[in-house]
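K.L.:
Here it is: the structure, laid out below.
The values are calculated or read from the model by the stated rules, or taken from the named source; none is laboratory data. A quick note: this is a predicted structure, and the numbers were derived from the prediction, not measured. So basically every Cβ, Gly included, is an ideal-geometry build from the backbone, and we count neighbours across all protein chains shown. Side chains are part of the model used for accessible areas, which takes the heavy atoms of the whole protein and leaves out ligands, DNA and RNA. Shrake-Rupley method; radii C 1.70, N 1.55, O 1.52, S 1.80 Å.
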Amino acid sequence: MANSLILSYLPRGSVVHKLTGTTKLIVFLLFSVATMVTYDTRVLVVFLVMSLVIFKISRVRYRDVKLILWMAFVFLLLNNLFVYLFKPEYGVEIYQSRTLLVQLVGPYTLTAQQLFYHLNMTLKVVVVIPLALVFILCTDPSEFAASLASIGVSYRIGYAVALALRYIPDVQRDYHNINQAQQARGVDISGKDKLMDRLKGSANILLPLILGSLNRIEVISNAMELRGFGKNKSRTWYAKRPFATRDWVVLILGTVIALGSLVLTFWDGSRYFNPFV
């Protein structure tokens, strides 16, 4: 069951794990902003290589994030599909040229400019996903809350985020346990049954899961209220760590790379790299 949990902290002892949560958060935000701003393919390719290298050294395995990656793949396909359906020649507008490859039905055509635009759009998502997974899976939730507070986010919000990250594995365990209990009673929601039977079986699982979640939320809320949570303007953090030399090196290097990518992106006054001129 542990291996099937998604978005849960994985203590692996890698170089990424040894960085403070504040360092990982700031670098993640820098790379995310730089990736979202640029449409320069050269920058995106470099970021993709760096993202995959960071994913590799973090010791996060493919089987740990397989479900998330498949969900991201489906989202990426749908995103590209809907962009093409509503703007089949948006790339032509951006790159101010038109190289027709295939004439499809009605207004739908396949141009080199549109394909290049979809390539850049896909790269932007593919770059961020490994970084986001590494940040979430390699950062202890308590340290994540401390890192949010260190950049000016209210500690109430940070603590809520930390609780949510800790709560996701619990919900998955509850779902697994309830599912196993329902199967022991003869309720099966696999693809072998009819659709209505599967929907009824899912309802039998979701109802106790929701009720159990609400009960847990009430218990946690009462416990926090009894301890006077939220009455003071600030708080101390048990999981907060001081910056080490490696944190400063990573921060400086990440800042230089992010700023360099922005300079390269806007060097000619446009954030779109145009190979068609």
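K.L.:
Taking Leu78 as meeting all but one of (1) within 19 Å of Leu253 (Cα to Cα); (2) without any contact (Cβ under 8 Å) to a residue 24 or more places away in the chain, write down the number of the exception.
P.N.:
The single condition Leu78 does not satisfy is (1).
K.L.:
Kindly provide the set of residues from the stretch 201-257 that are of a type in the set (Gly, Ala, Ser) and assigned to a helix (DSSP H, G or I), ordered by number.
P.N.:
Matches in the stretch 201-257: Gly201, Ser202, Ala203, Gly212, Ser213, Ser221, Ala223, Gly254.
K.L.:
Here is a further query. Inside the stretch 216-233, can you point out the residues that are polar (S, T, N, Q) and surrounded by 10 or more Cβ atoms within 10 Å (Cβ to Cβ)?
P.N.:
Of everything in the stretch 216-233, those that are polar (S, T, N, Q) and surrounded by 10 or more Cβ atoms within 10 Å (Cβ to Cβ) turn out to be Ser221, Asn222.
K.L.:
Consider the stretch 214-243. How many of its residues are over 18 Å from Leu148 (Cα atoms) and touching a helix residue (DSSP H, G or I) at 6+ places or on another chain (Cβ under 8 Å)?
P.N.:
Final tally of qualifying residues: 2.
K.L.:
Report yes if some residue within the stretch 113-135 is part of a strand (DSSP E or B), open to solvent by 20 Å² or more (accessible area, probe 1.4 Å) and not basic (Lys, Arg); otherwise report no.
P.N.:
no
K.L.:
Please indicate, with yes or no, whether at least one residue in the stretch 158-171 is of a type in the set (Gly, Ala, Ser), surrounded by fewer than 18 Cβ atoms within 10 Å (Cβ to Cβ) and not in a helix (DSSP H, G or I).
P.N.:
Within the stretch 158-171, not a single residue is of a type in the set (Gly, Ala, Ser), surrounded by fewer than 18 Cβ atoms within 10 Å (Cβ to Cβ) and not in a helix (DSSP H, G or I).
K.L.:
Here's a follow-up. Residues that are open to solvent by less than 70 Å² (accessible area, probe 1.4 Å) and of a type in the set (Lys, Arg): find the helices (runs of 4 or more DSSP H) completely inside the stretch 29-107 holding 1 or more of those.
P.N.:
Fully inside the stretch 29-107 and qualifying: nothing.
K.L.:
Between Ile252, Ile257, which is within 21 Å of Val49 (Cα to Cα), at pLDDT 80 or above and surrounded by 11 or more Cβ atoms within 10 Å (Cβ to Cβ)?
P.N.:
Sole residue among the options that is within 21 Å of Val49 (Cα to Cα), at pLDDT 80 or above and surrounded by 11 or more Cβ atoms within 10 Å (Cβ to Cβ): Ile257.
K.L.:
Can you find, within the stretch 203-222, the residue that is nearest to Gln180 (Cα to Cα) among those that are modelled with pLDDT of 75 or more and not hydrophobic (A, V, I, L, M, F, W, C)?
P.N.:
That would be Pro208.
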